[in-house]
1. If I filter the stretch 197-218 down to residues being in a helix (DSSP H, G or I) and modelled with pLDDT under 95, which single residue comes out as surrounded by the most Cβ atoms within 10 Å (Cβ to Cβ)?
2. Report yes if some residue within the stretch 542-551 is polar (S, T, N, Q), surrounded by 24 or more Cβ atoms within 10 Å (Cβ to Cβ) and in contact (Cβ under 8 Å) with a residue 60 or more places away in the chain; otherwise report no.
3. Kindly check whether there is at least one residue in the stretch 395-411 that is without any contact (Cβ under 8 Å) to a residue 40 or more places away in the chain and assigned to a helix (DSSP H, G or I).
4. Please verify whether residue 97 is hydrophobic (A, V, I, L, M, F, W, C), on the phi > 0 side of the Ramachandran plot and buried (at least 16 other Cβ atoms within 10 Å of the Cβ), treating the condition exactly as stated.
5. Counting just the residues of the stretch 540-587 that are in a loop (DSSP other than H, G, I, E, B) and hydroxyl-bearing (Ser, Thr, Tyr), which one comes out modelled with the highest pLDDT?
6. Which of the residues spanning the stretch 419-437 are under 21 Å from residue 493 (Cβ atoms) and not aliphatic (A, V, I, L, M)?
7. Report, by residue number, each residue of the stretch 307-342 that is part of a loop (DSSP other than H, G, I, E, B) and acidic (Asp, Glu).
8. Are there any pairs, at least 6 apart or on different chains, whose C-beta atoms fall under 8 Å, with the first in the stretch 316-332 and closer than 25 Å to residue 549 by Cα and the second of a type outside the set (Val, Ile, Thr) and in a helix (DSSP H, G or I), and if so, which?
Amino acid sequence: MVSLLILFGAPIPTAGWSPSLYPPWPSSAPMRLSVCTNEKNKTHRVFEDIASMPTVIVDGKDIQIGADERLNCIEAARRAGAEIPHYCWHPGLSVVASCRMCLIETGSRDAATGKVSMMPKLVPACQTPAKDGTVIVTASDLVKDSRARVEEALLIDHPIDCPICDKAGECLLQDYHFEHGQSERRADIHPFTSRRRDVGPTVTLFVDRCIMCTRCVRFAREVAGTSELMVINRGATEEIDVFPGFPLENKLAGNVVDLCPVGALGDKDFLYQQRVWFLKREANVCGGCAAGCSIHTEHNQDTIYRLKPRENPHVNQWWICDEGRYGWHHVHDPSRVLEAGRRLDAHSRAATAADASGFNAVEWADVVTRLRSDLKTASPAAGRLAVAVSPMLTVEEAWMLCAIAKSIDPQAYLAVGFVPRSEADETFPGGFTIRAEKCPNRLGVEAVIALFDHPGHTWTDLLEHVQAGHADAAWITAGYPTAPPHSPWIDTATAAAFEGLKCLVVQDLFDSPLFALATWRLPAAGFAERAGTWVNIAMRAQSFKQAIRPPAGVWPEGRLYWNMLGRLGLYDPTAVRRQIAESSASLAALAGDMPATGVDLRIHQLVSADSIHTKATPSHS
C-alpha cells in the first residue's frame, strides 16, 4: 500500500503518480489517500480521515495507523522513529517471541477519559499488536535493564570470533551489545570449542555462534517449504542441524545466511573473502529471470563479492533465489569478450568459420564512426536491415538501438532477441516465484519496439526473415551469461541462418558460433556494468545505476549507442528515459527519478493504443 498524506487538501507528489488518475478529494479536511492493489491487480482508492484513524502512543508521541493495518509494536514504534532491538522476529516469518530482546512496557489509553493503564510486566513487542490507544514505552529504565540482561546471557559463552567472523561489521549481536549491553562481565568466560558443520553445498554452520533465534528453521519450513533445518536437543544444549541425509540445498537456501542475525550461518562463496566495511553497496536489479528481484550489489575495486536481496514488497519481498545470488561470477569470467574487432575482408568469414578469431582490434571511436556506414553500405535498400534487440538490454539501451537502426534504415526489421526459458515457473510456499523466462526485460523491449515498429517481432520471426533472404545486414545483441562450461545460447545450426549476410554485427559477452560469421565483434556489458531500467514480468519498471566499471576495453551498450546517436557528454539514462516518456502518454511514468521499489506500469497501460500509434523519432542530437 502506498500512502499519500493530504494536508489542507494539498497532496504531497510522489514519483509515478498522476492526479488525473484520481477524483477530487471528498472533503477539505486532512485526509490520507491509500492506493491499493488487490489480488486481481486492480487499483482502487481508500480515503481515510486522519482524525478518525487509530492512534498509537510511542514514548509520548502520537502516530496514526491505517484502520486496516495490522502492525505489531516493533513496526508501530518504527513509524515513530524508535527502533526496538530484536533477534528472532522478521516480518516475513512467523512470530515465536523467543529471544526476549524486544521486551517493552505497554498499556492502553482510554479514549473517553484519557487514562492510561499499563500492563504489570514487560511484553514482547513482536507479539503484541498495536491498535487504537496502545501505549508503547521503548526506553524506560526497566526496558533498558531487560535488554542488558538478555545481552549478558547471550554473551556468557559466545566465542570471541569477531576478528575472523564474516558477520563482523553487520552483526546485530555486536550492534546491540554496544547500544544496549553492559560493559562488564559478571561470569567467568566459559571455554567453548568452535565447531563448524557443513549443512549444505552453499552454507556452513558455526554451531558455537548460534543464539537460537530459529529464523533459519522457520524460513526453510514456511518460505522454502523444504524443512531441512531443525532444532535438536533441548534447553542449554539445543542446536540447529539438518535432518540426516537431507542437506540444505533448496533453491532459496542462501537466504538463511542473510536472515542469521549473527555469524552462525556462513556463505561458502563469500567466506573470508572481504571485510564488509570495505564493500561498497549499490542498489541493483537481478537479471537472472523475469522476476526482476531487487538486490544490492556489494563490491570493492570493481570486483563483485556478493549479491544480497533488497526489500521490495512488490517484487521479491525480502528474498532472492540462489540462481540469482550466485549468478554474478560470469561478470569476472576470464573468457569474456573484451575488445571490439572487425574483419578486414567480410568474404573471408567462411575460411575462418572453424573459430571466432580473425578479427582486427578496433578502437571504440572507430566503431562509432564506421559501424553505421558498414551497415548502410551492406543494406542500401529499404527494409534490408534486421536487428535483434536483446531482452538483456535496458529500456534505454533498447530505445537507442532502435533509434540507430531506424536512422540507418527507416524500414529496419526490429525483433526481440532470443528469450531463454526453463520448463516452468517455480513457486514456493512463501509466495516467492522463480520465473521460467531467464531474461529481465522482455516486456520492456517489446514496449520499446512497439514505439518504432508495430507489430513487433520475435526471435523466431527474425530467423525466418533472414533465412527467406529478406535481409542483407543484421545486428544481433545478446549479453547472455553463458560462460563456460555452459553451452552458448545459440547453436551452430541456428547461427547458419546468418551465413549469407553482407554485414553481421554481433554484440555478446562470450564466444558463440555467431562470432565465426560476424563482420563486427562487439563486447557486451554484464548486468552490474549497466545503468538503466528493466521491466519485469509483472510490468514493474525498476531503474538502477551502474555498480562497477566494465573491464578495460569494454564499452557498455548504453555508452556506445549514446555516442552513435551523436549525444554529447556522458551517457545519461535519465535523459533517454525522459525522451521515451515524451513519446507516449502511457510511458509518462518512466520520466524522472523512480522510487527504489519501482513503478507499476500496468496503471499507465505501457503498451496502450496510444503508445502503439505514437512513433518515436530518432535523433542525432
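The values are calculated or read from the model by the stated rules, or taken from the named source; none is laboratory data. Since this is a predicted model, take the numbers as computed values, not measurements. So basically every Cβ, Gly included, is an ideal-geometry build from the backbone, and we count neighbours across all protein chains shown.
1. Among residues in the stretch 197-218 that are in a helix (DSSP H, G or I) and modelled with pLDDT under 95, the one surrounded by the most Cβ atoms within 10 Å (Cβ to Cβ) is 209.
2. yes
3. Yes, there is a match, as at least one residue in the stretch 395-411 is without any contact (Cβ under 8 Å) to a residue 40 or more places away in the chain and assigned to a helix (DSSP H, G or I).
4. Criteria met by residue 97.
5. The residue in question is 571.
6. Within the stretch 419-437, 420, 421 meet the criteria.
7. Here is the first cut: in the stretch 307-342, the ones part of a loop (DSSP other than H, G, I, E, B) are 310-311, 313-316, 318-321, 326-328, 333-340.
311, 333, 339, listed by residue number.
8. 320/255; 328/527; 328/528; 331/527; 331/528; 331/529
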